[in-house]
Each structure stands twice: as C-alpha cells, then as structure tokens.
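As structure tokens, the structure follows; a few thoughts come after it.
Every read-out reported here was derived from the displayed coordinates using simple, explicitly stated rules and does not represent laboratory data. Because the structure is a prediction, the values reported are computed rather than measured. As a convention, Cβ positions derive from the backbone with ideal geometry for all residues, glycine included, and neighbour counts pool all protein chains shown.
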Amino acid sequence: MKNSDYNTLFVNTFVRSGAPLVKGKGAYLFDAAGRKFLDFGTGIAVNAMGHTHAKLVKALREQGSKLLHVSNYYITPPQIEIALLLLKHSFGDRIFLCNSGTEANEGAIKFARKWAGQFSPDKYHILSFSDCFHGRTYGALSATSQERFHKGFEPICPGFHYAPFNDLSATRAVLDTFQFAAIFIELLQGEGGVNLVDKGFLSFLREYADAHRIALVFDEIQCGMGRTGALWCCEHYGITPDIMTVAKPVGGGLPLGAIICRNSVVECIKPGDHGTTFGGNPLACALGCVVLKEITKKSFLKGVKEKGAYLEEKLGALKLDYPVIQGVRGKGLFLGVRLNADPAPIVSKCKELGLLLIKAEHHTIRFLPPLNVTKSEIDEAVKLFEKALSLNQ
C-alpha cells in the first residue's frame, strides 16, 4: 500500500501522514522510508525514558517470559511492587490500577460520587475548569470543558459544571450553587494550551473542598511522573489532593493508569463497584516499576529541572527574532510556545525537517522531550524549530 492509503484502514479519528514508524532509539524515531526524527512529543508525554531504554527492554523480556495476563480476581508480583512504589512516593493509601488516563478519571468520578453520596443524594455534581481535558469516554468527556470535544456527542452526562481556570471569585460562585462531589483540576493543562495553576487558586480549592466535604482530584496524567522536575506537579505547590489520577509515562510505553487515593474517600468502595479486565497488566506494571525507580532518583529530577530551564531559555531567546512567538509557558520539560497564529504549518514543517512536536489550544506548540534528553539534543531541536519558523515567515 501507498502511505496515503493507510488511513483508509482506520476510523478517521487521527490525521496521519508519511511512512509508518518502525523503530526508536533514545530520543529518535525512524520510519519505514529510513527517515530519522527527533521526538519531542514522546507519544504525548508517554515515553519518559525515550525509546528502547535498556532497562525497559530487559524488564520486558524477563516479565514477558513469565506472565502476560491474569484477571484481577488474582494478584501478581509486579502489581504489588508498583503499588508499593506509587504509595511510597505519594500521599496515597490505596491504588486502583487501570489502562489509561481516561479510565483513571472515570474511576475517580465514580469513587468521588459514591463517597459524597453518603452525605446527601444530591451531592453528585462535578466541577472542572476552562481549557481542561480529562478524556474522551463519557464521564471524562463530560468533565472536559472544551466544547469542541462535545460536538456531535451530546447530551453529555448530567451534573458536570465548569468554571474559569484560575478565577477564584467565579469559581466560588459556581461552587456555592450546587452540592459538589468532586473538583477535578489539571495543575498544568496540556491540551488546553500549557497553562499553570496559580498557587493561591489551588489553595482556595483545597480549603473549600475541606470545608464542604468535596473530593479534590488532581489530574496528573500528563504533568506527573517527573515531567515538571518534581515527581508530581503538586509538589511544587505543597498541596495534596484526595485523589490523583496518573497514566501516560507510568507504564513505560505500555497501557497503564492508576488512581491514587486517600482511605477516607475509598473506604466506601466495595467489591463489584468498579473493575477492569486488563488494568494492572503484569507486563505494564513491570515496566512501570523500572520507570518509577529511575525517575524518583534525586539526580534524575534535578536533571529534568536543569534541562527544562535550558530549553525554556533557548526557546525564549527565539522571541526576539520571531514576533510570531508570544511567549514560552510551562515547567520543567513540559513547555509550550504560544504563537499569534495557527501553529499547524510550523508543526508540519518541523516534521519535514525531522522534529516531532504536538499542537495544543490557543495556538500553542508543546515541547515534551524524553526526560533523559541531552542538552545537545535540545540544541538540535531548537535549531530545527528555528529553521521551521524562518521558512514559515
């Protein structure tokens, strides 16, 4: 088949072009035509350790020769190990393992609603914020405020409400109107344009949730697992949630998500209330243990901070010569370049030049390199990005 014909095999949910990708090594991907790409999208922040990391390949081979799947009526050593690691390095008391970020958010909605329902049958409402993205299945989609994701799929689930991100007075007005079970928030929004939450706003949410028996849920699916230079983005604020949802890099490239919970909000959950066939797959858990052990090293997280600052400085310097750049946003190795025009042509030109980047809302281009990226690879990426900017002028 020709490259242009491949899309006819699949439901038309993605715009894909070029030869199929066939292998990866470190920060680079290679396609069937022999082209080499510097990967600064990392599967939308999934490949935190880059491609074919030696320790991940070793764990894949070892666990693959032992056990690939059993149902969750049983337990496996990799599940136990990753649960212990996640609890050791977080606020949590219990873990629910699933397959993805969307599933983690779906489960968190259910957990919060059952917990809150003990106080009042009317206490089922869910609050989230402008420009947020929490997933594409119906509960997570309903928690996603961006109307473009709702179009054609209405009606969304009842009981979901939205407030302006970082707007304290407007948020208080919404919170005072309904009986809420949970507040969902991304501390660093990805799809919405790389927007950081204000500390004062987050402190208000924590205080309000405590005062009104509302579960505060942090969606760290894209911003967690070392991406911002701390293991969890909430560590920068010194504020902890009642529930945290994680996914993307946690499975080392295989489907894995987790809901990290306080006992207080999940003691009401009983066998049969929720479940998953594949969640906590032993192979994904084995890889996830490798990722967690690497990322939780102090030297590793220090390197993410340093390389993030380096990349931010290099990208910020481009603003002087390219007025299309409005600014650079984000934290650590989760950065967005905000433009004053549609970034699609520049993202496309970058791919032609051998650099893979990802769009976001508000004319933003996301830079999400592997967390073990080198400074020379950052230099190469910025050089290619600048060339794309110059060709697009």
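Rounded to whole Å, give me the distance from the Cα center of region 365-393 to that of region 240-300.
31
Taking the Cα centre of the chain as origin, work out the dipole magnitude from +1 charges on Lys and Arg Cβ and -1 charges on Asp and Glu Cβ, in debye rounded to 20.
I would put it at about 1040 debye.
What is the mean projected area of the alpha carbon convex hull for region 131-279, to one decimal in square nanometres?
Computing the convex hull of the Cα atoms and averaging its projections yields 9.9 nm².
Helix 344-353 versus the longest principal axis of the chain: what is the Cα-based angle in degrees, 0 to 90, to the nearest 10?
Around 50 degrees separate the two axes.
Normalise the Debye intensity by I(0) for region 93-162, one equal point scatterer per Cα, no solvent, then take log10 at q = 0.26, 0.27 Å⁻¹ and round to two decimals.
-1.20, -1.24
In whole angstrom, how far apart do the alpha carbon centroids of region 183-236 and region 36-52 sit?
24
Which distance in nm do the two modelled labels at ASN7 and ALA33 give, with both placed 7 Å along the Cα-to-Cβ direction?
It is 1.5 nm.
What are the ³J(HN,Hα) values, in whole Hz, obtained from phi via the Karplus relation 6.51 cos²θ - 1.76 cosθ + 1.60 with θ = phi - 60°, for each residue of region 152-159 in sequence order, with x given for Gly and Pro?
x, 10, 5, x, 6, 5, x, x
Below 8 Å, C-alpha to C-alpha, sequence gap of six or more: please give me the relative contact order for region 56-295 in percent.
For region 56-295, the relative contact order is 31 percent.
What is the angle, in °, between the Cα long axis of helix 101-116 and the longest principal axis of the Cα atoms in the chain? Nearest 10 is fine, range 0 to 90.
20
Determine the equivalent ellipsoid of region 41-199 by diagonalising the alpha-carbon gyration tensor, then write out the semi-axes as square roots of 5 times the eigenvalues, largest first, rounded to whole Å.
On the way: eigenvalues 221, 82, 49 Å².
So the equivalent ellipsoid measures 33, 20, 16 Å along its semi-axes.
Once both axes come from the Cα atoms, what is the angle between helix 54-64 and the longest principal axis of the chain, in degrees from 0 to 90, rounded to 10?
With rounding to tens, the tilt is 50 degrees.
Considering just Cα atoms, how many Å³ per residue does the convex hull of the chain enclose?
It comes to 150 Å³ per residue, whole-number rounded.
Mind listing which trypsin sites (Lys or Arg not before Pro) in region 1-41 are in a DSSP loop and have 12 or fewer other Cβ atoms within 10 Å?
Taking region 1-41 and a limit of 12 other Cβ atoms within 10 Å, the loop trypsin sites (Lys or Arg not before Pro) found are LYS2, ARG16.
About the Cα centre, and with charges only on the beta carbon of Lys, Arg (+1) and Asp, Glu (-1), how big is the dipole of region 207-296? Nearest 20 debye, please. Don't jump to the answer; show the numbers that get you there.
On the way: 6 positive and 9 negative charges, 53 e Å.
That gives a dipole near 260 debye.
Want the number for GLN393 to HIS150: 0.36 nm per residue separation, take away the alpha-carbon distance, what's left?
Gain in length upon complete extension: 84.0 nm.
Could you please report the charge total around ILE214, scoring K, R as +1 and D, E as -1 over all other residues with beta-carbon less than 11 angstrom from its beta-carbon?
0
Would you please give the FRET efficiency between ASP379 and ALA341, computed as 1/(1 + (r/R0)^6) with r the Cβ-Cβ distance and R0 = 30 Å, to the nearest 0.05? Show your work: numbers first, answer last.
On the way: r = 26 Å, r/R0 = 0.86.
Rounded to the nearest 0.05, the efficiency is 0.70.
Return the lysines within reach of LYS58: Cα separation strictly under 26 angstrom, same-chain partners fewer than 8 residues apart disregarded; answer none if there are no such residues.
LYS23, LYS25, LYS36, LYS66, LYS88, LYS248, LYS293, LYS297, LYS298, LYS302
Using modelled amide H (1.01 Å from N, peptide plane; none on Pro or chain starts), what sits under 5 Å from the amide H of GLU361, excluding residues fewer than 5 places away?
Those qualifying (amide H under 5 Å, at least 5 residues apart or on another chain) are GLY192, GLY193.
Taking the alpha-carbon distance from LYS55 and a cut-off under 20 Å, which aspartates and glutamates remain once sequence neighbours fewer than 8 residues away in the same chain are dropped?
Answer for LYS55, where 20 Å is the Cα cut-off: ASP39, GLU81, GLU294, listed by chain and number.
Considering Cα pairs under 8 angstrom that are at least six residues apart, work out the relative contact order of region 139-272 and quote it in whole percent.
RCO, region 139-272: 16 percent.
Can you compute the helix-only [θ] at 222 nm over the chain? Use -39500 (n - 2.57) per DSSP H run of at least 4 residues, normalise by all residues, nearest 500 deg cm²/dmol.
The helix contribution divided over the chain gives -10500 deg cm²/dmol.
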